[in-house]
Amino acid sequence: MPGHRLRASAIILAAWTAVALLVATQVHVRSLSTDAPYRWLPLLLFELCYWYAWAALTPLIIRAAELLPLERGRRVVNLTLHAILSVALGLAMTAYFAWLVRLFVEPGQPDHGRTLGQTYMKYFSIGFHFDILLYWAVLGVGMAVTYQALFRERSERAARLQIEASELQARLARAQLDALRVQIQPHFLFNTLHAVSSLMDEDVRMARRMLSRLSDLLRLTLEKRDRQEVSLQEELEMVDCYLEIEKTRFEDRLSVQREIDPESLQAEVPMLILQPIVENAIRHGIARRSEPGRISIRSSVENGKLRLEVTDNGPGIPQKHLAALEFGLGLSNVRSRLERTYGSSSRLELGGAPKRGLRVALIFPYRPTKVGDAMEARRS
């Protein structure tokens with residue numbers, strides 16, 4: 001703040017010094033054609049004394065512009081007050097000018113020998129109205145500076161508010177995504193523990209294997225609990241852990257086929273986006289079959305889009321029941337996460353497989369994982 005005031009004072013002083021030099025030069029050159037020309041140095045000193053008085057008054061006039069703005073509500077009152085101030089200042093500056101003339105006048109010059117009153121009356125008709133105009137000119141500059149500062153302050157405040165709003169929106173979106181992800185984890189955990197519980201009386205060895213696989217999956221998810229996105233390779237590792245649990249449960253009745261585009265392995269995907277889809281395929285496709293079933297997981301990159309597809313060869317779902325499945329916990333969660341992460345550039349497709357069964361496809365923008373994420377993935 002002190003630096004700003006010092007810079008403003010320097011600008012004001014420089015501006016009025018320039019005016020003094022310009023006027024002194026003009027008066028001196030014009031007086032050369034008369035019988036009593038003005039000497040340059042006394043004339044320059046005279047003009048500096050007069051215009052530096054305006055330099056001293058300028059901050060006060062600018063302050064008046066701040067205190068008496070010409071805005072709606074008090075415009076007439078403030079205009080009247082400015083008019084009174086301009087007249088008072090005009091009278092005072094005319095008197096000051098007459099006193100300076102008496103101080104600097106030299107023998108042989110036109111004003112020599114006149115009284116202060118005579119000098120005042122002479123220059124009143126010349127300078128009074130000019131001083132009033134100077135007041136309004138400085139006032140106009142002051143108002144321009146004031147409104148510019150006000151506009152800049154409001155712009156900066158609006159920019160700060162916009163940044164804060166963006167940060168709040170980002171935090172809200174992250175909180176919503178966290179809530180959606182946390183919603184899926186207990187859902188899957190309860191289903192798995194229920195399966196383990198049902199096996200405890202039938203096959204303790206198999207139940208222990210399922211718990212071991214569940215421990216591996218929980219370890220992977222906990223290692224990445226602070227990340228919203230992981231690479232597809234990491235996501236597939238977590239899906240494999242889940243499938244090992246289900247293979248323990250279904251044994252030979254479950255087979256998995258993978259067709260993964262190598263380019264897609266480093267694509268950034270929402271964490272645990274595939275698990276609920278694979279879980280639905282097992283629940284609605286494999287669990288309802290007595291004969292062996294197959295789940296296919298495919299990925300591809302086309303035109304800047306990543307496509308993930310999970311297909312089962314189960315009995316399929318009637319068209320009238322597809323909507324109920326789509327708005328169930330698993331798929332509705334997946335759809336919400338896609339929309340919040342990618343917006344309208346993502347979509348979830350649900351339909352019948354080529355022969356029978358169900359196909360769920362996710363399409364969203366392809367984003368390579370960051371270098372740091374890739375290194376973390378390799379370390380884990």
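The values are calculated or read from the model by the stated rules, or taken from the named source; none is laboratory data. From a predicted model like this one, the values you see are computed outputs, not experimental measurements. For neighbour counting, all protein chains shown are included, and Cβ atoms are generated from backbone atoms with ideal geometry for every residue, glycine included. Side chains are part of the model used for accessible areas, which takes the heavy atoms of the whole protein and leaves out ligands, DNA and RNA. Shrake-Rupley method; radii C 1.70, N 1.55, O 1.52, S 1.80 Å.
A count restricted to the range 241-268 and to residues that are in a strand (DSSP E or B) and without any contact (Cβ under 8 Å) to a residue 40 or more places away in the chain stands at 1. Candidates P59, P37: the one that is over 21 Å from L133 (Cβ atoms) and surrounded by 13 or more Cβ atoms within 10 Å (Cβ to Cβ) is P37. For the criterion of being under 15 Å from S346 (Cβ atoms), out of contact with any strand residue (DSSP E or B) (no Cβ under 7 Å at 6 or more places or on another chain) and open to solvent by 20 Å² or more (accessible area, probe 1.4 Å), E309 fails.
Given the structure, is A98 closer than 26 Å to R7 by Cβ and either of a type in the set (A, V, I, L, M) or open to solvent by 40 Å² or more (accessible area, probe 1.4 Å) (or both)? It is false that A98 is closer than 26 Å to R7 by Cβ and either of a type in the set (A, V, I, L, M) or open to solvent by 40 Å² or more (accessible area, probe 1.4 Å) (or both).
Might you check whether a residue that is in contact (Cβ under 8 Å) with a residue 24 or more places away in the chain, outside any helix (DSSP H, G or I) and open to solvent by 40 Å² or more (accessible area, probe 1.4 Å) occurs anywhere in the range 4-24? So far as the range 4-24 goes, no, none of its residues is in contact (Cβ under 8 Å) with a residue 24 or more places away in the chain, outside any helix (DSSP H, G or I) and open to solvent by 40 Å² or more (accessible area, probe 1.4 Å).
In the set P276, P270, P292, only one residue is open to solvent by less than 10 Å² (accessible area, probe 1.4 Å), of a type outside the set (A, V, I, L, M, F, W, C) and touching a strand residue (DSSP E or B) at 6+ places or on another chain (Cβ under 9 Å); that residue is P270.
Of all the residues in the range 117-145, those that are touching a helix residue (DSSP H, G or I) at 6+ places or on another chain (Cβ under 8 Å), closer than 17 Å to L68 by Cα and open to solvent by 40 Å² or more (accessible area, probe 1.4 Å) number 3. Being assigned to a helix (DSSP H, G or I), at pLDDT 90 or above and within 22 Å of L13 (Cβ to Cβ), is that true of even one residue in the range 77-89? Among the residues of the range 77-89, at least one is assigned to a helix (DSSP H, G or I), at pLDDT 90 or above and within 22 Å of L13 (Cβ to Cβ), which makes the answer yes.
Just need a number here: residues in the range 227-254 that are open to solvent by less than 50 Å² (accessible area, probe 1.4 Å), farther than 15 Å from L214 by Cβ and more than 32 Å from the chain's Cα centre (by Cα). Number of matching residues: 3.
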